[in-house]
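Reading through the structure tokens given below for one structure.
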Amino acid sequence: MKVSARNVFRGKVAATRPGTVNAEVDIDLGGGDSLVAVVTLGSLNELGLAVGSDVVALVKAPWVMVLTDAGDVKLSARNILSGTVKAVEIGAVNAEVTIALRGGTEVASIITREAVSDLGLKPGVAATAVIKASHVILGVPR
Amino acid sequence: MKVSARNVFRGKVAATRPGTVNAEVDIDLGGGDSLVAVVTLGSLNELGLAVGSDVVALVKAPWVMVLTDAGDVKLSARNILSGTVKAVEIGAVNAEVTIALRGGTEVASIITREAVSDLGLKPGVAATAVIKASHVILGVPR
Amino acid sequence: MKVSARNVFRGKVAATRPGTVNAEVDIDLGGGDSLVAVVTLGSLNELGLAVGSDVVALVKAPWVMVLTDAGDVKLSARNILSGTVKAVEIGAVNAEVTIALRGGTEVASIITREAVSDLGLKPGVAATAVIKASHVILGVPR
């Protein structure tokens with residue numbers, strides 16, 4: 001598999017919490033980094049996801065929001081990933097920002113140029129990547 | 001908090017409708033404008049959202065769809081926000097369109113240049129912003 | 001209705017599977033192509049969706065992920081649409097890729113330029129469009 005998503009996170013299932021319709025899946029990305037995904041119960045079973053399973057989590061960069069000074073707010077999104085800006089690549093309207101999490105995982109986000117400037121994003125600045133659990137697509141090897 | 005999302009809507013919770021797993025939250029944005037968000041029951045409780053709570057609703061501009069001549073269609077999305085185009089900023093492939101709702105709230109959308117031309121979007125034109133309730137991230141001050 | 005979404009799929013409802021809160025809707029796009037959407041039960045009823053109903057499915061191009069060599073992976077997303085690249089239009093940071101499915105339906109995706117190069121996307125190449133069922137907005141004529 002090759003995929004257009006800038007974020008292809010490889011990890012292991014750390015926990016699953018099946019609900020009535022959906023299930024939450026905690027993914028250990030190594031180094032202490034982790035990600036939560038929500039998938040349907042049908043997908044959970046079809047993919048055979050259980051604790052310890054190898055899993056790939058796919059997240060398109062435009063689905064990642066970036067925060068700074070995140071300490072004064074609580075958000076409904078499940079993935080609030082603190083780290084440090086590693087790189088900023090500026091385009092005409094959009095920019096791609098890469099945030100390195102503490103455990104070494106890198107998260108790519110596409111945001112507007114204006115937001116890069118408003119938030120003062122540049123390498124070394126503390127920043128938080130926000131990802132809704134329902135925006136994560138999970139995959140397993142066949 | 002500073003956030004990359006072009007849409008940072010500040011308002012008050014007008015109603016909550018808890019379901020089995022998720023809850024719908026109606027947000028009064030002032031001036032008669034409103035927004036519906038869907039969050040998990042867990043988030044509803046963790047954020048302490050109740051009628052009258054101050055809340056911030058975050059929506060990335062690429063998650064906002066734009067319609068014109070919307071009168072002849074019914075859509076499954078919960079937020080169908082009618083207004084008038086206030087500004088259009090054109091990039092190489094994409095464009096940012098700002099729609100002013102009747103109550104004064106402004107909604108930013110990133111769509112393709114081609115769509116701007118197809119829909120004839122320019123300041124003063126009537127347009128509708130469409131946002132899925134599940135694409136809204138809610139936040140509250142800590 | 002005119003809409004900014006690059007993907008406006010017209011079809012007929014082939015099946016509905018109501019759950020507790022949400023419902024899955026299978027849409028026959030003709031030529032053997034199909035799409036699955038998840039909407040709330042409220043929307044299902046409000047739109048009057050039943051087998052045979054005419055329906056429009058709207059999907060913004062940035063919500064579509066592109067895969068190649070998809071044979072070795074199973075994904076949680078419900079729509080895994082195999083086809084052939086028909087066109088690639090390159091911008092400064094992003095690119096628009098059009099994939100023609102076997103039945104003739106065309107799917108537009110916005111991905112990064114880098115991904116176009118990594119995946120070797122060009123007309124004639126086999127590629128797969130991935131769309132989460134919850135990212136599909138349904139519409140019906142009033």
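Derivation of every value follows stated rules applied to the coordinates shown; laboratory data play no part. Source: prediction; values computed, not measured. With ideal geometry, Cβ positions are generated from the backbone for all residues, glycine too; neighbour counts draw on all protein chains shown.
Karplus-based coupling profile of the range C:15-25, in residue order and whole Hz: 6, 10, 10, x, x, 6, 10, 10, 9, 8, 10, with θ = phi - 60° in 6.51 cos²θ - 1.76 cosθ + 1.60 and x standing for Gly or Pro.
Placing a label point 7 Å from Cα along the Cα-to-Cβ axis, residue C:51 is separated from the same position in the other copies by 4.3, 4.3 nm, shortest listed first. For the range C:109-118, the Karplus equation 6.51 cos²θ - 1.76 cosθ + 1.60, evaluated at θ = phi - 60°, returns couplings of 10, 9, 10, 7, 3, 4, 5, 4, 6, 4 Hz by residue, with Gly and Pro reported as x. Calculated FRET efficiency, residue A:113 to residue C:2, Cβ-Cβ distance, R0 = 30 Å: about 0.60 to the nearest 0.05. Only aspartates and glutamates eight or more places from residue C:74 in sequence, or on another chain, were considered; those with a Cα closer than 16 Å are A:46, A:54. Applying the criteria of a DSSP loop state and at most 15 other Cβ atoms within 10 Å to the trypsin sites (Lys or Arg not before Pro) of the range C:54-110 yields C:102. When the Cα gyration tensor is reduced to axis lengths a ≥ b ≥ c, the ratio a/c stays below 1.5 for the protein assembly as shown, which is therefore classed as rounded.
With the dipole of chain B worked out from charges on the C-beta (+1 for Lys and Arg, -1 for Asp and Glu) around the Cα centre, which of B:128, B:94, B:68 lies farthest toward the positive end? Farthest towards the positive pole: B:94. In this assembly of identical copies, the label point of residue B:87 (Cα plus 7 Å along Cα-to-Cβ) is separated from its counterparts by 3.1, 3.1 nm, sorted shortest first. Can you flag which of C:2/C:60; A:132/C:122; B:60/C:132; A:2/C:60; B:86/C:86 are past 24 Å Cα-Cα? Result: A:132/C:122; B:86/C:86 exceed 24 Å.
Label-point spacing at residue B:12 relative to the other copies reads 5.1, 5.1 nm, in ascending order, each point sitting 7 Å out from Cα along Cα→Cβ.
In this structure the amide hydrogen of residue C:127, modeled in the peptide plane, comes within under 5 Å of the amide hydrogens of C:83, C:84, C:85, none closer than 5 places in sequence on its chain. Once backbone amide H atoms are built at 1.01 Å from N, residue B:6 has B:61 as its partners under 5 Å, excluding neighbours fewer than 5 places away on the same chain. Close amide H pairs (under 5 Å, H built 1.01 Å from N) link residue B:136 with B:38, residues at least 5 positions away or on another chain. Applied to the range B:46-63, the Karplus parametrisation 6.51 cos²θ - 1.76 cosθ + 1.60 on θ = phi - 60° returns per-residue 3J(HN,Hα) values of 4, 7, x, 7, 8, 4, x, 4, 6, 8, 10, 10, 10, 9, 5, 4, x, 8 Hz, with x for Gly and Pro.
Computed from point charges on the beta carbon alone (+1 for Lys and Arg, -1 for Asp and Glu), the dipole magnitude for chain A about its Cα centre is near 240 Debye.
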